[in-house]
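We did not get these values from a lab; they are worked out from the coordinates using the rules stated. Remember, it's a predicted structure, so these values are computed and weren't measured experimentally. Glycine gets a Cβ as well: all are built from the backbone with ideal geometry, and neighbour counts include every protein chain shown.
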Amino acid sequence: MSRSWLVCLLAIMACLLASTHGLPLQENPLQEDEKSGGRIVGGYATDIAQVPYQISLRYKGITTPQNAYRHRCGGSIIAEDKILTAAHCIIGTVPSQYKVVAGTNYQTGSDGVITNVKEIIMHEEYFSEFAYNNDIAILVVDPPLPLNNFTIQTIKMATEQPLEGAVSKISGWGTTSPGGTSSNQLLAVDVPIVSNDVCDKDYENFGDETYRITASMLCAGKRGVGGADACQGDSGGPLVVRDVLQGVVSWGNSCALATHPGVYANVAYLRSWIDAKLAQL
Ligand code: 4AZ
């Protein structure tokens, strides 16, 4: 038998062996939530009139001024000239790198109105002691947004903690699966509030010892079920319970896992910091 025939035979045998031993034939098997055709993850298309406090924070790199501003994070309108977002969205950047777009349904849309960021106020204790601790920032925009009682409105900030099990609404243009593509249409999903004690236990074996659920955080998700969550690109955006802003999309282990709720900055807890900053402005 010639050498080339032997090589051929070996190759065929290797293939037969592989197929009987169940090596994956598909390079990238679908994630659980991709099978369900998820959105935001697991959500539904909504209209900006349903969440008129939602903004799209558009960003460009400092070394690529020729580029367009692109959606980076969400945020919430707390006054005609103030936006609440996550510290991790804006850390290490300057105001000129941003535009704020309000009253739009699309992350690439130029419907709605556009304004500039004049000032960024980040929590001084962001990431101190614990990972993602105090993940909150205020953006001052100029000119102020033209509030219209329809597609561009403020949201009231919480003064009290939400009840465990209360249904919250989260919204944004983030990815519809972990590591997936983001949605051009605004999406929303409803998830129940999870207590910090329960959530901290869920995160016991995640990351290093700095990953704890602290008082500056809030959790929401369908424990034991999964499939509904915020994901990458939703960060900085709103978690609302009965028309009150309770959370700011912050972090989590992947997205929409049954074992790990999404984690949010806790607006009621951070309220004293927010109010102090607003009073100084
Ligand atoms: C992110 O990467 C991210 N499931 C945001 C929210 C969550 C996970 C990741 C929560 O911006």
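Can you pull a Stokes-Einstein diffusion coefficient for the chain at 10 °C (1.306 mPa s), Rh from Kirkwood over Cα pairs, as a whole number of µm²/s? The calculation lands on 80 µm²/s.
What FRET efficiency do you get for Glu204 and Glu160 if R0 is 30 Å and r is their Cβ-Cβ distance, rounded to the nearest 0.05? E between Glu204 and Glu160, to the nearest 0.05, is 0.65. Ordering 247-255, 60-68, 197-205, 211-219 by mean Cβ neighbour count within 10 Å, with the highest value first, yields 247-255, 211-219, 197-205, 60-68. For the chain, a crude dipole built from +1 on the beta carbon of Lys and Arg and -1 on the beta carbon of Asp and Glu, taken about the Cα centre, is about 740 debye to the nearest 20. At the listed q of 0.11, 0.19, 0.21, 0.23 Å⁻¹, the Debye profile of the stretch 108-225, built from one uniform point per Cα, gives log10 I(q)/I(0) equal to -0.55, -1.42, -1.44, -1.42. Think of the stretch 147-281 as having a plus end and a minus end, set by charges on the Cβ of Lys, Arg, Asp and Glu; of Ser235, Val225, Leu281, Leu281 sits farthest toward the positive end of this dipole. A convex hull fitted around the alpha carbon atoms of the stretch 156-269 yields 91 Å³ per residue. Max-minus-min Cα coordinates of the stretch 173-217 on each principal axis give 36, 23, 16 Å, with the largest extent listed first. Partners of Lys118 within straight-line reach, counting lysines whose Cα lies under 25 Å from its Cα and excluding those fewer than 8 residues away in the same chain: Lys60, Lys82, Lys99, Lys156, Lys277. Take each peptide in 266-274, 107-115, count the other Cβ atoms within 10 Å of every residue, and average; sorted highest first, the result is 266-274, 107-115. If the Kirkwood radius is taken over C-alpha pairs of the stretch 54-167, then at 37 °C and 0.692 mPa s the Stokes-Einstein diffusion coefficient equals 219 µm²/s.
Each Lys or Arg adds one and each Asp or Glu takes one away; over the other residues whose Cβ falls under 11 Å from the Cβ of Pro95, this sums to 0.
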